[in-house]
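Heads up: the structure comes next, in structure tokens.
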């Protein structure tokens, strides 16, 4: 890796940091991480059929299928076009690599026993549900899922799905993959517990990627985040008045937690709202708790939703 370039980029990030915390402590900057990055997508794009055995040896976990399958992928015109689109968009990957390094510095600082995985960039036929795969010591980043929301490959997708297929969200998606490993699932089925579960994940992103904006952490546009901020109080009032907090109705996840074009309050304003607003509210509850309590990150992740909510004294912004 070109450390000198990364150092320059990281310095710029510190100056221009746009998250809630825009100054990164020296102890995090000085944290050592052994980051190995392999551009398999480029290697495969430049390969000939004769190179397949060599690639199989270098990346055995990527080659369960026989060589003939990979030779066919090399010669398929649609696959060739896909690889060329990725090569064009990601000819310069240095900014992302600098961000990845900074992310894993933060992870190492807060989780000292965690060893950074080997990072391998690939294409996966635009399988957006598996754009990031973190498996033990390997992290796969499928770059064909980050070509930009208006890319022709995403034309048949719903807009709310395509909107996330933006290289600005790569680091956030990697942080989510890590968070899914360390944040325990909800201890009960209440809507409040599910909201606070996602709130923990988003607060963890506050700590792991303070050099990115809040909209990148939650994968919203600026307008969507502004809508959530402006309507935080009426959203919370709706949850209280409709007695949703302690409901175990699974449909609440579909309405307020799962990816969707908008949240479903059953009001005229629904179409104006972003999806996943329950996650946003859970995030604000966890933030409120951490502002009022001296608890370290591992302790937070293992606290119950009931304790977090009780001690948060959460009052939404009006």
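All of the numbers you see were taken from the coordinates with simple rules; none came from a lab. None of these values were measured; they are calculated from a predicted model. Quick reminder, even Gly has a Cβ in these numbers, built from the backbone with ideal geometry, and neighbours come from all protein chains shown.
Summarising the strand pairing of the chain, around 35 percent of its internal DSSP beta bridges are antiparallel. Here the label points at residue 67 and residue 50, each 7 Å from Cα along the C-beta direction, are separated by 1.2 nm in the simple model.
Where (1) 23.1; (2) 17.6; (3) 20.2 are the candidate values, the label of the one calculated here for mean projected area of the Cα convex hull in nm² is (2). Here r is the Cβ-Cβ distance between residue 240 and residue 94 and R0 is 41 Å; the resulting FRET efficiency, rounded to 0.05, is 0.30. Model label sites at residue 138 and residue 187, defined 7 Å from Cα along the beta-carbon direction, differ in position by 3.6 nm. Here the relative contact order of the chain, from alpha carbon pairs under 8 Å that lie six or more residues apart, stands at 17 percent. In the elastic network of the chain, a GNM with C-alpha springs shorter than 10 Å, the most mobile of 89, 50, 215 is 50. For the stretch 101-230, a/c is not less than 1.5, where a ≥ b ≥ c are the root eigenvalues of the C-alpha gyration tensor, and a/b does not top b/c. That puts it in the oblate class. Given R0 = 51 Å, the distance between the Cβ atoms of residue 81 and residue 250 translates into a calculated FRET efficiency of 0.80.
Mean-square fluctuations from a GNM of the chain, with a 10 angstrom spring cutoff on Cα atoms, peak among 141, 71, 37 at 71.
Rounded to the nearest 10 degrees, the inclination of helix 3-16 to the longest alpha-carbon principal axis of the chain is 20 degrees.
Here the spin labels are modelled as points 7 Å beyond Cα on the Cα-Cβ line, and at residue 37 and residue 113 they lie 2.9 nm apart.
Against the chain, whose longest principal axis is taken from its Cα atoms, helix 170-182 shows a tilt of about 70°.
Residues of the stretch 68-95 with an amide N closer than 12 Å to a point placed 7 Å from the Cα of residue 152 along the Cα-to-Cβ direction: 78, 81-82, 85. Take the alpha carbon atoms of the stretch 68-136, find their center, do the same for the stretch 259-277, and report the distance between the two centers in whole angstrom. If you average the Cα positions of each part, the centres end up 32 Å apart. To the nearest ten degrees, helix 94-110 and the longest principal axis of the Cα atoms of the chain are 50 degrees apart.
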